[in-house]
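Read the structure below first, then the notes.
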Amino acid sequence: MQSRLVPYFLLLPSLLFLTALFFVPLVQTVSLAFHGGDNFGLSNFTRMADDLNFQDAVVNTFSVVLVVVPLQLAIALGMATMLRHLKRGRDIVLWIWSIPLGISDLAAGLVWLAVLTDQGYLNTLLFRLGLIAGPESWLTYETPTALFIAIIVAEAWRATAIVLVIIVAGVQLLPREYGEAADVFGATPWQRFTRITLPLLKPSIQTALILRTVLAFEMFALVISLGGRNFPVLVSEAYQWQYVNQDTGVAAAYAVVVMLISLAATLIYLRVLRTPREQLP
Amino acid sequence: MTQTKFARRSLLLSATALLAGADAACAQGSMDNTVFLSTQLRPLEEAQNVREVILKGYAGKVDYVVDEPAPFAVRVEAEMKSGRNTSSLLGALHGELQPLEAIGALAPLDDLATQLKDRGIPAPLMKLGQLGTGHQVYIPWMQATYFMVANKQALPFLPGGAKLETLTYDQLAQWAANVQATTGKRMLGFPAGPKGLLYRFFEGFLCPAYTGGIVTTFRDPAAETGWANFAEIWKHVNPNSTNYNFMQEPLLSGDVWMAFDHVTRLLDALRQKPDDFVSFPAPAGPKGRAYMPVLAGLAIAKGAPDPQGAAALIDYLSRPEVQITTAQSVGFFPVVKAELPPNLDPGLKLAVAAISATQNAPDALPSLLPIGLGAKGGEFDKVFMDTFQLIVLRGQKPHAVLEKQAEAMRRIFAETGAPCWSPDPPSTGACQVK
């Protein structure tokens, strides 16, 4: 009897911790979002949706996520496959590739700002090469395409490593027999990749996609440092309403929207990428 | 076991004793010393400067205590209601003292005002210190404001007949256009970044300069002209402006040649390269050279334990030499007539010159920081930034935008009931957008 209860006792601290520091604030945030002034209702959501930056924030957030997440997955798969074929020095290459994992959001943003600002490294390089006559601006409201590309590049640089690490872990678990069998039947490398590696990697890809997508919907510091006021996203708007406009209700409404989007994305991944038990490697 | 228990208990006891001792010492200190409670000069370094540099020459003993604006107001009110005052002298911004006057927490200072007449505090500032009551409620302490700085390389491009001290918004537009025509670059800059103070430019400079008011005249035809003209000026503004928070940085790097900002956000540029820059007041519009004074005042709490000490401190802090020390050590400027020493840091000298030129301009039109908005201050600022974004960045028609934003403005005043402040005419109830 007692030994059956032990696991629950061991789980108790983490459950208490999550309840106090995650669940309670979550309930409070949702309740804040639905209390405009003294009334219960949708007034915070109406104000959020009526705001001039709301539409931009939604469009910007989704465009970045839709471009950057598939891009990161493709890059990470490519990198993982390359790693697999390395005979020597795999660890050191993997180690170098994971450096961005240890760099904070804000630091990454500032690094790229130093590269892309008017007097930055990129302009210096282009100028030395004789490609531009003077400083070019990349991050202004007049250059939305360049700004968007800059954010995609910076985000890919910063956060591909997490996808890579998950995929590499998955690749290492793949049994060699399937590949060898495919070789026997004369499969091309591309066929091996699409017919064997990818389907077997589905659980890892699912994990990587969920993690990356949820985090991408929450992007903030990098976008703020590169785009400032020019590239509003959902979380930066939540920050703006909380700390600049000092309206906690609307900020909470944004938080609820971000949470719902993340939940929906997670559910979609769970459903679309589910692997039947019998297909697990 | 018992030994550790004993050790623990004795540790606890000694800790309690230490705490109690500290408490007693604290109480003892506030019995003898004049307590000076301030919302200004809060950062550790500045507070230390107040204690060790500014108050060094004062004969009496002072406890300099700082608090953020919101807890400051709560504390003063609580002390008044409980009748157990500890703070004698209160130092805060004009807008922070006004609500304290409204609840009757401040003692009248008319005698002190007469006594300090020879200090030469400008009459308009003294009048602000009356908070519209007819009695002196606070004595102006120190001030700051916003002004413009230009790189000397930009001066040859000034339009014919234009002078820096009497610049108008139209001339500023022409000046920036001339610079762009020759250099091919947009060299005018505004702090429109996420942490920039551009909304203060609209609230205290552009809108009152065109309309003579802030809230009541928000959607005046004159306001439409002002915004339309600013959109014209913006054509010559460096597009990186929406990333600028402190204009001293792009000024120093040479990305902009002319810039507007708060003195503390320009001072670095002036201090590092005083020979490269000139400083001058913000431009004037049809209704005058509107500017936003940031004025801190000194008041004495009603029921203060040491009103004589507080009055003596006000006398001390408003001495010209102490005011100069204040400017040198913390970057806030004198309110009294003070002869600045010839060896003053040349950067500081430039800032002082611009502030004094702003105040003493014949067409000067002081327009104050928002008063009585409380937590809605952020939304008030947002109205101006949204208007800017829609008219200037997105090119929408000023008329429609101002109509829509006027609704947001009305809502803020309906919720707070805040009365109008200068230069809007005084209102009996909440301030109304006409």
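I'm checking my understanding of the structure. Among residues of region A:241-257 that are β-branched (Val, Ile, Thr) and surrounded by fewer than 19 Cβ atoms within 10 Å (Cβ to Cβ), which one is farthest from A:LYS202 (Cα to Cα)?
Start the filter on region A:241-257 by keeping residues that are β-branched (Val, Ile, Thr), which leaves A:244, A:248, A:250, A:256-257.
Filter once more, so that each one left must be surrounded by fewer than 19 Cβ atoms within 10 Å (Cβ to Cβ): A:244, A:248.
Values: A:VAL244: 43, A:THR248: 40 Å.
Filtering region A:241-257 for residues that are β-branched (Val, Ile, Thr) and surrounded by fewer than 19 Cβ atoms within 10 Å (Cβ to Cβ), the one farthest from A:LYS202 (Cα to Cα) comes out as A:VAL244.
Scanning region A:212-241 for residues that are more than 10 Å from chain B (Cβ to nearest Cβ), of a type outside the set (Ser, Thr, Tyr), out of contact with any Leu (no Cβ under 8 Å at 6 or more places or on another chain) and in a helix (DSSP H, G or I) yields a total of 8. Candidates are the residues of region A:160-189 that are within 28 Å of A:ARG271 (Cβ to Cβ) and loosely packed, with under 14 Cβ neighbours inside 10 Å; the one that is farthest from the chain's Cα centre (by Cα) is A:PRO175.
Could you count how many residues in region B:111-166 are in contact (Cβ under 8 Å) with a residue 24 or more places away in the chain, part of a helix (DSSP H, G or I) and not aliphatic (A, V, I, L, M)? Can you show your working first?
Quick first cut of region B:111-166, residues in contact (Cβ under 8 Å) with a residue 24 or more places away in the chain only: B:112-113, B:115-116, B:119-122, B:124-125, B:128-129, B:131-133, B:135-155, B:157, B:164-166.
Those still in the list that are part of a helix (DSSP H, G or I) too: B:112-113, B:115, B:119, B:124-125, B:128, B:152-155, B:157, B:164-166.
Adding the requirement that they be not aliphatic (A, V, I, L, M) leaves B:115, B:119, B:124, B:152-153, B:157, B:165-166.
Number of matching residues: 8.
Taking region A:132-165 on its own, how many of its residues are in contact (Cβ under 8 Å) with a residue 60 or more places away in the chain, part of a helix (DSSP H, G or I) and either away from chain B (no Cβ under 14 Å) or of a type in the set (A, V, I, L, M, F, W, C) (or both)? Result for region A:132-165: 16.
Scanning region A:86-115 for residues that are touching a residue at least 60 places away in the same chain (Cβ under 8 Å) and loosely packed, with under 12 Cβ neighbours inside 10 Å yields A:ILE99, A:SER104.
All conditions in (1) assigned to a helix (DSSP H, G or I); (2) within 12 Å of another protein chain (Cβ to nearest Cβ); (3) within 22 Å of A:LEU106 (Cα to Cα) hold for A:GLY249, with the sole exception of (3). Residues that are surrounded by 14 or more Cβ atoms within 10 Å (Cβ to Cβ) and of a type in the set (Val, Ile, Thr) within region A:116-128 comprise just one, A:THR117.
In region A:12-58, of all residues being at pLDDT 90 or above and in a loop (DSSP other than H, G, I, E, B), the one that is nearest to the other protein chains (Cβ to nearest Cβ) corresponds to A:LEU52. As for region B:243-258, it holds no residue that is away from chain A (no Cβ under 14 Å), in a loop (DSSP other than H, G, I, E, B) and of a type in the set (Gly, Ala, Ser). Checking each residue in region B:71-103 for being within 24 Å of the chain's Cα centre (by Cα), surrounded by fewer than 17 Cβ atoms within 10 Å (Cβ to Cβ) and small (Gly, Ala, Ser) picks out only B:ALA102. Residues that are surrounded by 21 or more Cβ atoms within 10 Å (Cβ to Cβ) and either within 11 Å of chain A (Cβ to nearest Cβ) or charged (D, E, K, R) (or both) within region B:424-434 comprise just one, B:ASP424. Taken over region B:387-423, residues that are surrounded by 20 or more Cβ atoms within 10 Å (Cβ to Cβ) and within 12 Å of chain A (Cβ to nearest Cβ) amount to 8.
Whether a residue is in the same structural domain as B:LYS302 (by TED's automatic domain parsing) and in contact (Cβ under 8 Å) with a residue 24 or more places away in the chain was assessed, and B:GLN48 does not pass this test.
Determine if region A:116-129 includes at least one residue that is within 30 Å of B:MET385 (Cα to Cα), among the acidic types (Asp, Glu) and touching a residue at least 60 places away in the same chain (Cβ under 8 Å). No, because not a single residue in region A:116-129 is within 30 Å of B:MET385 (Cα to Cα), among the acidic types (Asp, Glu) and touching a residue at least 60 places away in the same chain (Cβ under 8 Å).
Quick check: is even one residue across region B:186-199 outside any loop (DSSP other than H, G, I, E, B), among the small types (Gly, Ala, Ser) and away from every other protein chain (no Cβ under 14 Å)? It would help to see each step written out before you state the result.
Start the filter on region B:186-199 by keeping residues that are outside any loop (DSSP other than H, G, I, E, B), which leaves B:188-189, B:198-199.
Next, from what is left, pick out any that are among the small types (Gly, Ala, Ser): B:189.
Those still in the list that are away from every other protein chain (no Cβ under 14 Å) too: none.
Scanning region B:186-199, I find no residue that is outside any loop (DSSP other than H, G, I, E, B), among the small types (Gly, Ala, Ser) and away from every other protein chain (no Cβ under 14 Å), so the answer is no.
Does B:ALA282 fit the bill of being among the aliphatic types (A, V, I, L, M) and surrounded by fewer than 23 Cβ atoms within 10 Å (Cβ to Cβ)? Taking the combined requirement at face value, the residue does not satisfy it. Filtered by the rule that a residue be in a loop (DSSP other than H, G, I, E, B), closer than 17 Å to B:THR242 by Cα and not charged (D, E, K, R), region A:111-131 gives A:THR117, A:GLN119.
The values are calculated or read from the model by the stated rules, or taken from the named source; none is laboratory data. These figures come from a predicted structure and were not determined experimentally. Neighbour counts are summed over all protein chains in view; Cβ atoms, including those assigned to glycine, are modelled from backbone coordinates with ideal geometry.
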